[in-house]
């Protein structure tokens, strides 16, 4: 059964062959990153005013797997319709490929990675207590996209069968999902008092063949799940 800890090694080795595969996809309600050394880091760069709210801005850098060294993610302009009473809960991070994302305030980047095939993954987590935010993009790896998407999309299970790939047949715990658009779903999984919210996209005929974003928050912060996930929906292909 696969956990979040397997996403980073999959990217860095550029292959799914190292992943122990099981028919059931297991959701994790806490981060479990074991990849060392770190291949993505973040540093504070500035304070910025957004809709009358001061917000801290961080810049990430990630290991260049082609030429060696590190690549700094550019700090880009950013605008949002969120009001100050919501923005006060977030920091702003410059991520690879000119993306700016909001992350719960005082969380830390645990790790991340960018593959030569355009795949990417990263995980943020609360410094104390519970909570994490993760993102995974399969890049140009068709097999990675099909296998990963099969946990969420019946059409991916069909594609796996037609292309002789392994596929997930169920999730643990079972998820509930809503189809937002033809290739985009929102989903939720619950285990006791723990809850995970996510969005996922799958369409092999487009460049962004599969990506997903997930957030697990303590009950007191669950109102943040919607603005956190909406930013991925707005940025990603649907």
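Assorted remarks:
- The set of residues in the stretch 142-197 being assigned to a loop (DSSP other than H, G, I, E, B) and farther than 24 Å from residue 29 by Cα consists of 163, 164, 165, 166, 182, 183.
- Condition check for residue 103: farther than 23 Å from residue 23 by Cα, buried (at least 17 other Cβ atoms within 10 Å of the Cβ) and out of contact with any helix residue (DSSP H, G or I) (no Cβ under 7 Å at 6 or more places or on another chain): yes
- When 113, 139, 118 are checked against the criterion of being modelled with pLDDT under 95, in a strand (DSSP E or B) and farther than 20 Å from residue 217 by Cβ, 113 stands alone in meeting it.
- Residues of the stretch 152-169 satisfying the condition of being surrounded by 18 or more Cβ atoms within 10 Å (Cβ to Cβ), in contact with a strand residue (DSSP E or B) (Cβ under 8 Å, 6 or more places away or on another chain) and closer than 15 Å to residue 209 by Cβ: 152, 153, 156
- Just so you know, in the stretch 198-213 the residues that are in contact with a helix residue (DSSP H, G or I) (Cβ under 8 Å, 6 or more places away or on another chain) and part of a strand (DSSP E or B) include one that is farthest from residue 133 (Cα to Cα), and it is 202.
- Filtered by the rule that a residue be over 23 Å from the mean Cα position of the chain (by Cα) and modelled with pLDDT of 95 or more, the stretch 46-68 gives 46, 47, 48, 49, 50, 51, 52, 53, 54.
- Filter pass, residue 127 being over 17 Å from the mean Cα position of the chain (by Cα), within 18 Å of residue 223 (Cα to Cα), in a loop (DSSP other than H, G, I, E, B) and free of Cβ contacts under 8 Å to residues at least 40 places away in the same chain: no
- Matching option when the condition is touching a helix residue (DSSP H, G or I) at 6+ places or on another chain (Cβ under 8 Å), crowded, with 22+ Cβ neighbours inside 10 Å, at negative phi and modelled with pLDDT of 95 or more, among 184, 82, 133: 133
The values are calculated or read from the model by the stated rules, or taken from the named source; none is laboratory data. Bear in mind that the values here come from a model prediction, so they are computed numbers and not experimental data. Reconstructed Cβ throughout: ideal geometry from the backbone, glycine too, with neighbour counts over all protein chains shown.
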